[in-house]
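K.L.:
Right, I'll just put the structure down here and ask away after.
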Amino acid sequence: MPRVVAPIQATMEDLGDTVQETVRKANKVLDAAAAAKVLEGLGIGSGGSSELKQISEAFSGLATGLKGIGELQAAILGQVKETLGNGGKGSNLTDLIGLILLTKMLEPKQEKKEELSPTMERLLNRMEEEIRELKENRSPSPVDQHIHNLTTQLLSQHMTTLMDPFAGLTKLAEAKDKLKGVLVETSNVPPEYSEGALRLRALEKEEKALAVEESKFMAELNHKERLWSQQIPAIINQAGTVLANVLGTYGLIPAGPLQFDQQASTVAEQMATTMGNEGQ
Amino acid sequence: MGLNTLTCVACNIAARELVKYFYNKTASEVAGWYKEKRDLSDLLSFEDIKIPETGVKGSIAKAALKNVPERNNGSCPAYDLILQDVYNIAGRFMIEREQAGDKEGVTKMRDVQVIAAFLGNTKVKPWYYENMDKLYEKILKKLGD
């Protein structure tokens, strides 16, 4: 894009008379047609085209103007060269310096906003506004929108997982509960033939069988108990003898209760009672 | 709980010594000791009891006396056995004396039996046990243990 160059505003006091004349020439050199086009593009002149067209024409005019400035620069440089080539005849050092300064001034400068003409400034402001509006109103592309939605969704899922780590298990349990109802077999089996009823009947039969077994066993025990009760005293005596013999074999003699005759025990009891009472 | 053969032998020896000692005592006399709560171990003399102190016989004697004072639910089987032996030995001697026509001997042996029954009485037994424990300690000292 061609750079917009500010109008030349040199400090004329620093230049000599020759330079001032040269500047005047330069102003003449500026393409009048280009200036007209610039004005036209800015809407100052007569024009009925669209804004964009006007703007493009304005920039075209500016470019032409710059071209003119370039030609002027070339002319001035040529003059300087000629002056130096002539060995400075017919001119003085002040003129030479003026020419060089003019060349410098004509070099394209970075535009400063405050140096723009009010018309140009309005144009630029409008352009900036339009660009800003375009940027603001520009709707995002479908791809960007889709990526944005996916990212948001993933982030949401991730946050949910972080907040409730057992959410998955809870859902699984809920699903299981739901499936329980679904998977229950609905058959037309009558209640008396249902699995529970059949099992209950089997258990009842088993219980009856056990009761019969128990009664048989109890009868057998009662019979044995009667037999044992008749034989127990003899068995105990026999077992005692066997035990005493066994203990004797191993050098052990069972310690039994003291056995004194009745008379000696009675006398001893009387004496103990008497002495005990007297001792107290 | 049973007593081993060695302990039973020791109890038998002790019973014989007690029979000898009680032979010249009456039941009333012993009852008087009980009444006065006298120390039976002081009354008994062990000077004529020869206890082997060394060698195999000493080891046997120590082993025999090892479990004598042990209690079983409050009763002491060894001390009870001594009393039972005293009663039984006195009974045998009484028969001998009777056969020999020694009426005094029979009476004395009967008294020994009554003394055994007296010492084995529930009321007197604690005092008897207490004195037997003192006797046991004295015998152990004599063994040099």
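K.L.:
Does the range B:118-129 contain at least one residue that is over 15 Å from residue B:30 (Cα atoms), within 14 Å of chain A (Cβ to nearest Cβ), in contact with a helix residue (DSSP H, G or I) (Cβ under 9 Å, 6 or more places away or on another chain) and not in a helix (DSSP H, G or I)? Show your work before the answer.
P.N.:
So in the range B:118-129, the residues over 15 Å from residue B:30 (Cα atoms) come out as B:122.
Okay, now just the ones that are also within 14 Å of chain A (Cβ to nearest Cβ), so B:122.
Narrowing further to those that are in contact with a helix residue (DSSP H, G or I) (Cβ under 9 Å, 6 or more places away or on another chain): B:122.
Retained after the next criterion (residues that are not in a helix (DSSP H, G or I)): B:122.
Taking every residue of the range B:118-129 in turn, at least one turns out to be over 15 Å from residue B:30 (Cα atoms), within 14 Å of chain A (Cβ to nearest Cβ), in contact with a helix residue (DSSP H, G or I) (Cβ under 9 Å, 6 or more places away or on another chain) and not in a helix (DSSP H, G or I).
K.L.:
Of the residues A:123, A:154, which is in contact (Cβ under 8 Å) with a residue 12 or more places away in the chain and either of a type in the set (D, E, K, R) or part of a helix (DSSP H, G or I) (or both)? Quick ask: steps written out before the conclusion?
P.N.:
Values: A:154 fails: in contact (Cβ under 8 Å) with a residue 12 or more places away in the chain.
Result: A:123 is the single residue among A:123, A:154 that is in contact (Cβ under 8 Å) with a residue 12 or more places away in the chain and either of a type in the set (D, E, K, R) or part of a helix (DSSP H, G or I) (or both).
K.L.:
Go through A:219, A:239 for me and flag whichever is at pLDDT 90 or above and more than 14 Å from every other protein chain (Cβ to nearest Cβ). Outline the logic, then answer.
P.N.:
Details: A:239 fails: at pLDDT 90 or above.
Selected residue: A:219, the only one of A:219, A:239 that is at pLDDT 90 or above and more than 14 Å from every other protein chain (Cβ to nearest Cβ).
K.L.:
Now a separate question. Which residue pairs have Cβ atoms closer than 7 Å, lie 6 or more positions apart in sequence or on different chains, and pair a first residue in the range B:62-83 that is over 12 Å from residue B:132 (Cα atoms) and more than 10 Å from every other protein chain (Cβ to nearest Cβ) with a second residue that is in a loop (DSSP other than H, G, I, E, B) and among the β-branched types (Val, Ile, Thr)?
P.N.:
Final answer for the pair search is none.
K.L.:
Another question, if that's okay. Condition first: assigned to a strand (DSSP E or B) and modelled with pLDDT under 95. Can you find one or more residues in the range B:66-79 that meet it?
P.N.:
Restricting attention to the range B:66-79, the residues satisfying the condition of being assigned to a strand (DSSP E or B) are B:72, B:75.
From the residues that got through so far, the ones that are modelled with pLDDT under 95 too are B:72, B:75.
Yes: one or more hits.
The values are calculated or read from the model by the stated rules, or taken from the named source; none is laboratory data. Bear in mind that the values here come from a model prediction, so they are computed numbers and not experimental data. Reconstructed Cβ throughout: ideal geometry from the backbone, glycine too, with neighbour counts over all protein chains shown.
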